[in-house]
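The values are calculated or read from the model by the stated rules, or taken from the named source; none is laboratory data. No experiment lies behind these values; they were computed from the predicted model shown. With ideal geometry, Cβ positions are generated from the backbone for all residues, glycine too; neighbour counts draw on all protein chains shown. Side chains included, ligands, DNA and RNA excluded: accessible areas come from the protein's heavy atoms. Shrake-Rupley method; radii C 1.70, N 1.55, O 1.52, S 1.80 Å.
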Amino acid sequence: MFKSLFGKKTPKAPPSTGGRRVYAVGDIHGRHDLLVALLREIATDVSAEPPDAQPLLVFLGDYVDRGPGSCQVVETILALRSESAFEVRTLKGNHEEALLRFLDEPAFGSTWAEHGGNATLASYGVQPPATRTDPEAWAVARAAFGEALPGAHRTFYDALDLITEVGDYAFVHAGVRPGVPLAHQTERDLLWIRGEFLQAPGPFGKVIVHGHTPMEEPQVTPHRLGLDTGAYATGVLTAARLDDGGHKIIQARVGRAAA
Ligand SMILES: [Mn+2]
């Protein structure tokens, strides 16, 4: 008896979601095909082990750009929100920030285009300028995009959250600045931070669930879960199921994007 107690560590309980089942989804980047496949995997998981209460679906941002189906991705998320299978929370990524900036400042289109914005325009049926550096062409594209963008999509982009918390977890797009309380994080850090966060050992106040920096495998440490597996390029879209028993990675694979 004495011996078994000696030097034995109390097993550490996993972080708590307060009893809630949560599914967090990484960066989609216009890969509507992968989103549909991943939602099927999540639905299968819900059926196999039904949660006690309505599960929460958290999207970590970067819905648009690069892949061909940005408009369809937003359409699918809006449809999920109108159904009752999940509570849906949607975070803002730096690519949604770029889309909104383009709406305010058409000349920004030349920068947005370097990060995959033309694919987003095309998904809304808008012809991107033939010459990336022509400001007049961007003004024309901005006007066409304003016409093509459904009101529900504009509201979706405008209303995205910067952070959402569930129990011991905080969900953000990119990460948090180490040493700064969660309530005092800046929008810039939440949408953009990489090295200073990724290289920090933590803790960060809560377990941070994030996307933004693509990695071949999901990143799991005691203090953060990184779920961006570069869906656009790799054909792998990653989610994490979280509950009081810990986490489980759920992925969809559809093969590489056409060049
Ligand atoms: Mn990002």
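Quick one: with all protein chains in place, what share of the accessible area of the chain is carbon or sulfur, to the nearest percent (1.4 Å probe)? With neighbouring chains kept in place, the figure for the chain is 54 percent.
Here each label is just a point 7 Å from Cα along the line to Cβ, and for ARG81 and VAL140 those points are 3.3 nm apart. Across all Cα atoms of the stretch 165-257, the radius of gyration (one decimal) and Dmax (whole number) stand at 13.3, 40 Å.
Think of the chain as a dipole: +1 on every Lys or Arg Cβ, -1 on every Asp or Glu Cβ, centred on the Cα centre; then among PRO150, LEU182, GLY117, LEU182 lies furthest on the positive end. For the listed peptides 15-26, 242-253, a ranking on the average number of other beta carbons within 10 Å per residue, highest first, reads 15-26, 242-253. In the context of the full set of protein chains, residues of the stretch 1-149 present 49 Å² of accessible surface per residue (probe radius 1.4 Å, heavy atoms only). Contact order for the stretch 6-108, expressed relative to its length and based on alpha carbon pairs under 8 Å spaced 6+ residues apart, stands at 30 percent. What's the center-to-center distance, using Cα atoms, between the stretch 26-63 and the stretch 93-148 in Å? With the stretch 26-63 and the stretch 93-148 each reduced to a Cα centre, they are spaced 28 Å.
Rounded to the nearest 0.05, what FRET efficiency is calculated for THR155 and THR186 with R0 set to 35 Å and r the Cβ-Cβ distance? Here the calculated transfer efficiency is 0.90. With contributions of -39500 (n - 2.57) from each DSSP H run of at least four residues, the per-residue ellipticity at 222 nm computed over the chain stands at -10000 deg cm²/dmol.
Solvent-accessible surface of the stretch 162-259, averaged per residue with a 1.4 angstrom probe and all protein chains in place: 47 square angstrom. Phi-derived couplings, Karplus 6.51 cos²θ - 1.76 cosθ + 1.60 at θ = phi - 60°, listed residue by residue for the stretch 37-50: 5, 5, 4, 5, 4, 5, 4, 5, 5, 5, 5, 5, 9, x Hz, with x used for Gly and Pro.
The slack in the chain from GLU217 to THR131, taken as 0.36 nm per residue of separation less the alpha-carbon distance, amounts to 27.3 nm. Summing charges over neighbours of VAL36, with a neighbour being any other residue whose Cβ is under 14 Å away from its Cβ, gives 0 when K and R count +1 and D and E count -1.
A straight chain from THR111 to ALA233 at 0.36 nm per residue would run longer than the Cα-Cα distance by 41.9 nm.
Backbone amide hydrogens, once placed in the peptide plane, bring ASP161 within less than 5 Å of THR90, LEU91, LYS92, excluding anything fewer than 5 places away on its chain. For THR229, the residues whose amide H sits under 5 Å from its own are ASP27, MET215, THR238, ignoring neighbours fewer than 5 places away on the same chain, with H placed 1.01 Å from N.
If each residue of separation counts as 0.36 nm, what is the full-extension length gain between VAL46 and GLN199 once their alpha-carbon separation is subtracted? Going from the current span to full extension adds 51.7 nm. For the peptides 143-154, 48-59, the ranking by mean Cβ contacts within 10 Å, running from highest to lowest, is 48-59, 143-154.
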